[in-house]
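Report on one structure; see the data block that follows.
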Amino acid sequence: MELSKEQTQEIIARRVAQEFHDGDVVTLGIGLPTKAVKYLPQNINIIIQSENGVLGVGRYQDDTTRDCHITNAGGLGVTLNAGGCFLDSLASFSMMRGGHIDITVLGALQVDAAGNLANWCIPGKYTPGMGGAMDLVVGTKRLIIAMEHTAKGAPKILQKCTLPLTAVHKVNRIITEKAVFDIASDGLVLKEISSYSSIEDIRASTAADFRIELLR
Amino acid sequence: MVKFISAAEAVTFFQNGQTLMIGGFLNCGSPELVINELLKTDLKDFMLIANDTGEANTNRGKLICAGKIKKAIVSHIGTNPETVRLYNEGKIEIDLQPQGSLAERVRAGGAGLGGILTPVGIGTKAAENKRIIEVDGKEYLLETPLHADIAVVYATYADRYGNLEFHGSTRNFNVLMPPAADIVVAEAEHISDEPLNPDNIAVPGIYVDYLIDGGRNGTL
């Protein structure tokens, strides 16, 4: 069956939400990774860190009533949860680099079988910059990539990334609408096949070798 | 002792080709008053050091759009389509740096350090032209200090000693830049007649040369 963009993103976000443990300190990329918060299981509370200097990001604030001095890294107004605090950019990145973030979820342009990640630059076409992504992926205890399996039909999971890298050998897990892969020392391992996909579909849309070791 | 000036007076300190540090993260905690005055002048060819190049119609982004920035050392340009266009056309030099490394380079500039060692960027384009130093078998990039002729920063509160205090997520680069620049201009939303609570001061007044009253007088 053909999934809409919204359905695809919801499937991924719901699966990402299963990754968190109660009390985890989490950093989420803008867009799809942030959507996972909506689907957090009951009894699981996480502490969201935002690179611009917020520890304990709460809910979105609408524009008319919000305190314009509290934003997330996308510049959108947010609230601060009880127990949270504000950080300057040095303290924020010390927290990331120093290994104090439990789980980071980011999107990607490409990921490869060696756990390399490319998500900041398409030379000559699109160069938004790395922002805080390079610092974040180096320091986090666990790095999960949440992304659509393909871009306009072209595989994004590759044997070797072709775009400029964000980090080398850092990705632990890839979650797409079709599958969950782990990156082991010997390469990609298929752990889950989505009910919206099949092994044939995954083979056809993944440009990397993988072994199969299904969790369920 | 800090001197109170207007944004128009602040512009008289600027010269073509200077290196400017400007605080802020997108629109949050971003000074705007001096930038608006700079836009009225013919001053140009600045090197900008900032977290990002803002958006096309706000703060730092306006300097980009007005063609006043020759080179920018920033971590992100994606929110300002004009920066991306100028960059793709080769009309502006952009030196993209990992955000945390950029922050540390600014700190090093103001803290008397010869640089800092970070694992961030190893194996990526961010390592180009940087020295790799091994410590206990692990590779680090040497990130060198950054200095500026002028820093323009935002503060939520200031007192007449030049001390600065911040609300919410406005601290970002604003608290790092003052020690790293020769001349520091702070735009404070509120000026307090009483000294700020010493427990809450994020930037000591000795780093701040000039204060601009943002005129909010207690209304956020």
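The values are calculated or read from the model by the stated rules, or taken from the named source; none is laboratory data. Computed from a predicted model, the values in this text were never measured in an experiment. Note that each Cβ is placed from the backbone with ideal geometry, even for glycine, and that neighbours are counted across all protein chains shown. Protein only, heavy atoms only, side chains kept; ligands, DNA and RNA dropped before computing areas. Shrake-Rupley method; radii C 1.70, N 1.55, O 1.52, S 1.80 Å.
Figures for the structure shown
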{"read-out": "Calculated FRET efficiency for the pair residue A:100/residue A:151, C-beta based, R₀ 25 Å, to 0.05", "value": "0.15"}
{"read-out": "Projected-area mean, chain B, by convex hull of Cα positions, square nanometres", "value": "12.7 nm²"}
{"read-out": "Average partner coverage of B:116-124, which counts Cβ from other chains inside 10 Å", "value": "6"}
{"read-out": "Mean separation of Cα contacts under 8 Å (6+ apart) over length of chain B, as relative contact order %", "value": "23 percent"}
{"read-out": "Computed E for residue B:182/residue B:125 - FRET, C-beta separation, R0 51 angstrom, nearest 0.05", "value": "0.95"}
{"read-out": "Accessible carbon and sulfur surface of segment B:118-174 relative to its total accessible area, %, 1.4 Å", "value": "43 percent"}
{"read-out": "Residue pairs, from the table A:35/A:170; A:35/B:130; A:35/A:141; A:35/B:138; A:152/B:138; A:178/B:138, whose Cα atoms sit over 29 Å apart", "value": "A:35/B:130; A:35/B:138; A:152/B:138; A:178/B:138"}
{"read-out": "Distance between modelled label sites at residue A:68 and residue B:197, nm, 7 Å Cα→Cβ extension", "value": "2.5 nm"}
{"read-out": "Percent accessible area from carbon and sulfur atoms, segment A:75-197, protein chains only, probe 1.4 Å", "value": "53 percent"}
{"read-out": "Interface area, B with A, accessible, probe 1.4 Å, both sides summed, Å² nearest 100", "value": "2800 Å²"}
{"read-out": "Dipole moment magnitude, nearest 20 debye, segment A:56-208 about Cα centre, only Lys, Arg, Asp, Glu C-beta charged", "value": "280 debye"}
{"read-out": "Size of segment A:68-216 as Cα extents on the principal axes (Å, biggest first)", "value": "50, 40, 28"}
{"read-out": "Accessible area in the full protein assembly, largest first, 1.4 Å probe, for B:65, B:28", "value": "B:65, B:28"}
{"read-out": "Linear extension gain, residue B:42 paired with residue B:135, 0.36 nm per residue minus alpha-carbon span", "value": "28.7 nm"}
{"read-out": "Peptides B:72-79, B:99-106, B:166-173 ordered by average Cβ neighbours within 10 Å, highest first", "value": "B:99-106, B:166-173, B:72-79"}
{"read-out": "Equivalent ellipsoid semi-axes - Cα gyration tensor, segment A:45-146, angstrom", "value": "26, 17, 12"}
{"read-out": "All aspartates and glutamates inside 16 Å of residue B:44 as judged from Cα atoms, apart from same-chain residues fewer than 8 positions distant", "value": "B:93, B:149"}
{"read-out": "Probe 1.4 Å, accessible area per residue of the protein assembly as shown, Å²", "value": "43 Å²"}
{"read-out": "FRET efficiency estimate (nearest 0.05) - Cβ-Cβ, residue A:200 to residue B:89, R0 45 angstrom", "value": "0.50"}
{"read-out": "Whole-number D in µm² s⁻¹ for the protein assembly as shown, Kirkwood Cα-pair radius fed into Stokes-Einstein, 4 °C, 1.567 mPa s", "value": "57 µm²/s"}
{"read-out": "Helix A:5-17 axis, angle to chain A major axis (alpha carbon atoms, nearest 10°)", "value": "70 degrees"}
